[in-house]
Amino acid sequence: MSTKQDYYELLGVARDADAATLKKAFRQLAIQLHPDRNSAPDAEDRFKEINEAYAVLSDPEKRSRYDRFGHEGMSARAPGPAEADLRDVFGGDLFEQLFGGMFRRAGRPGAQHGTDIKRPLELTIEDIARGVEKSIRFRRPAPCATCDGSGAHRDHPPVTCQSCGGMGRVRVQQGFIPMIAACPTCRGEGRIVRHPCPSCHGAGTVEEEVTLKVPVPPGLAVGHTLRLDGEGGHGVRGGQPGDLYLVVREIPHAFFERDGNDLVCEVPISFPQAALGAAISVPTLDGKSRIKVPPGTQSGRTLRLKGKGLPAVEGRGMGDQVVRLQIETPEHLTPRQRELLEELDGLLESTEEERAQPRRRSFLDKLKELFD
């Protein structure tokens, strides 16, 4: 039997803890146990243990296997969280303090993570209903071809920083707490560029314009964000690339308005259609559909076309199309039309049956009570 401590106990969380609780617990322990902040002899070992625990429990598949079989169910020692995961947990500045040196030592000195890029993704109602492949054109930082991303003049390569020995990090003391900070001489680069590249002026990157074809699933809502890993700015001197974030914006439709997964439209009908009832054609995203208007329909009444709305995200059901009926009043009448309407108005006024004009009769009754 394994004598390793339970992962949930290591992080101090319940077995049904959600992702946010796991992240918060790991963050607090990592800050507390980091070897650069904690001088206890076992701090480094405990720090590695919580890294391993979080790497397993933050991964749904690994967590499920661990819940079923325990430590014996893990085929090999779990690796620590990836750089992107730790950046998400701690944020950029604190990540650099706690883990920046770890990842830089594993790669090239002075390596910098590429910038994340956010762009709008404009979709029509039809795009959202069916899914679409969109071409996205944007600009992002790319390695400078003149200096191969070094930032230095080809005839004058960079020199190793003598203050940090090329590591880019130095140990500093803040009160009683030792910490790792960026080298002030080289600003964390590990090297010094005395003669910058004339093309990129020492940055190591230049702007490039790229076009990507992005498959967009159906059912996305306004504000939904699609993340494309590694499609942001290129990393500098061997650093990991950033990500591209596409934020959904909806292009207004000439006929439909969106209400969640429902589509709402207004359809004008005539007074005879409202009074007598009728079958009318209504546009939908799939073409025209017939709908029955009941006799005696009042203006503003809504009818539903089931399943004619938008799909939910991940295909979990369909919304409806809501048809709001508006009775249209003619603006210009022929003499004969006016004569017929006046005759109808007289007939309606003379009837004593409340079902003929229930709303008007109720209104008149309330006025009578108010002023009598």
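By a straight-distance test (C-alpha under 22 Å), which lysines pair with K23 as possible cross-link partners, with residues fewer than eight away in the same chain excluded? Within the straight-line limit of under 22 Å, K23 reaches these lysines: K4, K48, K62. With the Cα gyration tensor of the range 116-187 giving a ≥ b ≥ c as the square roots of its eigenvalues, does the rule (a/c under 1.5 for rounded; else a/b larger than b/c for prolate; else oblate) give rounded, prolate or oblate? It is oblate, given that a/c is not under 1.5 and a/b is not larger than b/c.
Cross-link reach is defined here as a Cα-Cα straight distance under 30 Å, omitting same-chain residues fewer than 8 places apart; for K134 the lysines meeting it are K118, K213, K288, K306, K308.
Centre-to-centre separation between the Cα atoms of the range 268-320 and those of the range 153-229: 56 Å. By other beta-carbon atoms within 10 Å, ranking R154, R63 with the fewest at the front produces R154, R63.
The slack in the chain from F138 to R68, taken as 0.36 nm per residue of separation less the alpha-carbon distance, amounts to 20.6 nm.
Please tell me the relative contact order of the range 173-268 in percent, rounded to the nearest whole number, where contacts are Cα pairs under 8 Å and at least six residues apart. Value for the range 173-268: 16 percent.
Each value in this text was obtained by applying a stated rule to the coordinates, not by laboratory testing. As the structure is a computational prediction, the values presented were derived from the model and not from experiment. Reconstructed Cβ throughout: ideal geometry from the backbone, glycine too, with neighbour counts over all protein chains shown.
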